[in-house]
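Student: Okay, handing you the structure first.
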Amino acid sequence: MTKTVLKVDDLKVSIGGDPVVDGVGFEVAEGEILSLVGESGCGKSMTAFSIMGLLPRAATMTGGRVLLGQTDLHALSQTERRKLRGDELAMIFQEPVASLNPLMTIGRQIAESLVVHRKTGGRDPRRAAIAMLEEVGIPEPEIRCDQYPFELSGGMCQRAMIAMALICRPRLLIADEPTTALDVTIQAQILELMKRLRAETGTAILLITHDMGVVADMADRVAVMYAGRVIEEAPVEAIFARQEHPYTRLLLSTIPRLDGKPKATLPSIEGVVPDIGDWPAGCRFNPRCPLADAPCIETQPPLAARRDVGLAACWHSDRVEAML
């Protein structure tokens, strides 16, 4: 029986009294990759920060639970949380340059997790850091190991942060846009490294990305977020084969197609994600949805089972396939 590594249950996060994450729930099993997708401002990164216990000062978790195995992360003290971060629980941040310490060499920052969590003793942490830099595709790792973040390009900093996250082989890896600023060759190498980590250690991965190509290549399941809520969840094959929520349908329609008409205008979703504190009543997607009618405006649909393969929060799931 597959073990559940991460369980997020009815998670609620607010900023200044306004909800930014509103009742989010999902699970990630051992060796599974769950991709969290949606436009900017939907609450994906805030969900990740809440799991890590790294919410901004203005943000507060107001409800729900986050379990790592059987451990309630939000019942732990800050000291206990720090013991888990970098060891059993690791994150690749979206802004690597801002997340690295400018006063420490890259090698020292990567090796720090080994020194703190693994008590390396006679092992050479610098040698381990060099090996990890080589594994993420950084050229001349012996030189880069002794350099500072400002001496590296944005792409190299991204790979260094990935090395930091992977060096202790965590039980759960949260990857927030892990391939940002990387060219396609390095991107493929990093994704392959994450797959290998999953295969070798059973690491569960929560992958946050806008790149549906990465989702198709990496994910086992997909959870789609909109305005602080999960509005659809299904196995990756089911999501690409048939969508049960209009937002997911429109989101996938914006992907450029190789067989599309030459010089055709790329499709887009009308409107924008509503601001925090300005979410509409009923279904939060209703101002942008071509299927919206009175029930959508009046009542928020529950996240319910659809077609026995996934979940969707829509009053008109039966009409989505014929929408475009």
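Student: Given a 1.4 angstrom probe, what's the average accessible area per residue across the chain, in square angstrom?
Tutor: Result: 47 Å² per residue.
Student: A further question on this structure: I92's amide H: which non-local residues (gap 5+, or another chain) put their own amide H closer than 5 Å, with H modeled 1.01 Å from N in plane and none for Pro or chain starts?
Tutor: Residues meeting the criterion, in which the H sits 1.01 Å from N, are I174, A175, D176.
Student: If exposed means no more than 13 neighbouring beta carbons inside 10 Å and the site is in a DSSP loop, what's the longest run of the chain without any exposed trypsin sites (Lys or Arg not before Pro)?
Tutor: 124-256
Student: Moving on to the next point. Starting from the exponent 0.38 and prefactor 2.2 Å, build the expected Rg for the chain from its residue count and divide its actual Cα Rg by it.
Tutor: Working: Rg = 20.6 Å, N = 324, 2.2 N^0.38 = 19.8 Å.
Scaled against compact globular proteins, the figure is 1.04.
Student: Karplus couplings for segment 84-94 from phi (6.51 cos²θ - 1.76 cosθ + 1.60, θ = phi - 60°), rounded to Hz, Gly and Pro as x?
Tutor: Working through the residues one at a time gives 7, 5, x, 10, 7, 10, 9, 9, 9, 7, 6 Hz.
Student: Specify, per residue and in Å³, the volume enclosed by the convex hull of the alpha carbon atoms belonging to segment 1-48.
Tutor: Values: hull volume 3.5 nm³, N = 48.
Taking only Cα atoms, segment 1-48 has a hull volume of 73 Å³ per residue.
Student: Moving to a separate point now. Using R₀ = 35 Å, calculate the FRET efficiency as 1/(1 + (r/R₀)^6) where r is the Cβ-Cβ separation of A98 and L258; round to 0.05. Write out the running numbers ahead of the final one.
Tutor: Working: r = 36 Å, r/R0 = 1.02.
With a Förster radius of 35 Å, E is 0.45.
Student: Taking the chain as a Gaussian network, where each spring joins two C-alpha atoms under 10 Å apart, which residue of E95, E142, E200 fluctuates the most?
Tutor: Among E95, E142, E200, the largest mean-square fluctuation in the Gaussian network model of the chain belongs to E200.
Student: Here's something else I'd like to know. Percent relative contact order of segment 165-324, based on C-alpha pairs within less than 8 angstrom and at least six residues apart? Could the numbers behind the result be given before it?
Tutor: Values: 193 pairs, mean separation 31.7, N = 160.
This gives 20 percent for segment 165-324.
Student: For a label point 7 angstrom out from the Cα of T2 toward its Cβ, which stretches of segment 166-191 have the backbone nitrogen within less than 13 Å?
Tutor: Inside the label zone: nothing.
Student: What relative contact order, as a whole-number percentage, does segment 200-287 give when Cα pairs under 8 Å and 6 or more residues apart are counted? Walk me through the intermediate numbers first.
Tutor: Values: 60 pairs, mean separation 18.3, N = 88.
So the answer I get is 21 percent.
Student: Moving on to the next point. With a point put 7 Å past each Cα toward its Cβ, work out how far D275 is from E80 in nm, to one decimal.
Tutor: Between D275 and E80, the label points sit 4.0 nm apart.
Student: Return, ordered by residue number, the residues of segment 78-109 whose backbone nitrogen is under 19 Å from a label point located 7 Å along Cα→Cβ of E142.
Tutor: Residues 106-108 fall inside that zone.
Student: Let me spell out the model: positive unit charges on the Cβ of Lys and Arg, negative unit charges on the Cβ of Asp and Glu, origin at the Cα centre of the chain. What dipole size does that give, in debye rounded to 20? Can you show the working numbers first?
Tutor: Values: 35 positive and 42 negative charges, 124 e Å.
Using only the charged Cβ atoms, the result is roughly 600 debye.
Student: Among P170, P178, P274, which one moves the most in a GNM of the chain with springs linking Cα atoms closer than 10 Å?
Tutor: P274
Student: Considering only protein heavy atoms and a 1.4 Å probe, what is the carbon-and-sulfur percentage of the accessible area of segment 29-142? Don't jump to the answer; show the numbers that get you there.
Tutor: Details: 2760 of 5560 Å².
Here carbon and sulfur together make up 50 percent of the probe-accessible area.
Student: I want to verify a result. In a Gaussian network model of the chain, Cα cutoff 10 Å, which of these has the top mean-square fluctuation: V13, V184, V224?
Tutor: V184
Student: Between A58 and E39, with labels modelled 7 Å along Cα→Cβ, what's the label distance in nm to one decimal, could you check?
Tutor: So the label points at A58 and E39 sit 2.1 nm apart.
Student: Right, here's the next one. So who's got an amide H within less than 5 Å of the one on V222, skipping anything under 5 residues away but keeping other chains? H placed 1.01 Å off N, in plane.
Tutor: Residues meeting the amide H criterion: S35, A234, V236.
Student: Go ahead and estimate [θ] at 222 nm for the chain from helices alone: -39,500 (n - 2.57) per DSSP H run with n ≥ 4, summed, over the residue count, rounded to 500. List each step's numbers first, then the result.
Tutor: Working: 13 runs with 104 residues, N = 324.
Rounded to the nearest 500, it is -8500 deg cm²/dmol.
Student: Going by alpha carbons, how many degrees (0 to 90, nearest 10) lie between the helix axis of 154-166 and the longest principal axis of the chain?
Tutor: For helix 154-166, the angle is close to 80 degrees.
Student: Then there is this: Once the whole set of protein chains is in place, how much accessible area is left on F285, using a 1.4 Å probe, in Å² to the nearest 10?
Tutor: Number for this one is 0 Å².
Student: How high is the FRET efficiency between A241 and D72 when r is their beta carbon distance and R₀ equals 51 Å, given to the nearest 0.05? The partial results should precede the final answer.
Tutor: Working: r = 36 Å, r/R0 = 0.72.
Efficiency, rounded to the nearest 0.05: 0.90.
Student: With θ set to phi - 60°, apply the Karplus curve 6.51 cos²θ - 1.76 cosθ + 1.60 along segment 37-42 and write out the HN-Hα couplings as whole Hz, x wherever there is a Gly or Pro.
Tutor: Per residue, the Karplus-derived 3J(HN,Hα) values read 10, x, 5, 4, x, 7 Hz.
Student: Would you work out which of Y226, A131, A264 lies farthest towards the positive end of the dipole of the chain? Charges go on Cβ: Lys and Arg +1, Asp and Glu -1.
Tutor: Highest projection toward the positive end goes to A131.
Student: Moving on to the next point. Let me have the relative contact order for the chain, percent, based on Cα pairs under 8 Å that are six or more residues apart.
Tutor: Working: 604 pairs, mean separation 66.0, N = 324.
After rounding, I find 20 percent.
The values are calculated or read from the model by the stated rules, or taken from the named source; none is laboratory data. Source: prediction; values computed, not measured. Here the Cβ is made from the backbone with ideal geometry for all residues, glycine too, and neighbour counts use every protein chain on show. Ligands, DNA and RNA are stripped out before the accessible areas are found, and what is left, the full protein with its side chains, is counted by its heavy atoms. Shrake-Rupley method; radii C 1.70, N 1.55, O 1.52, S 1.80 Å.
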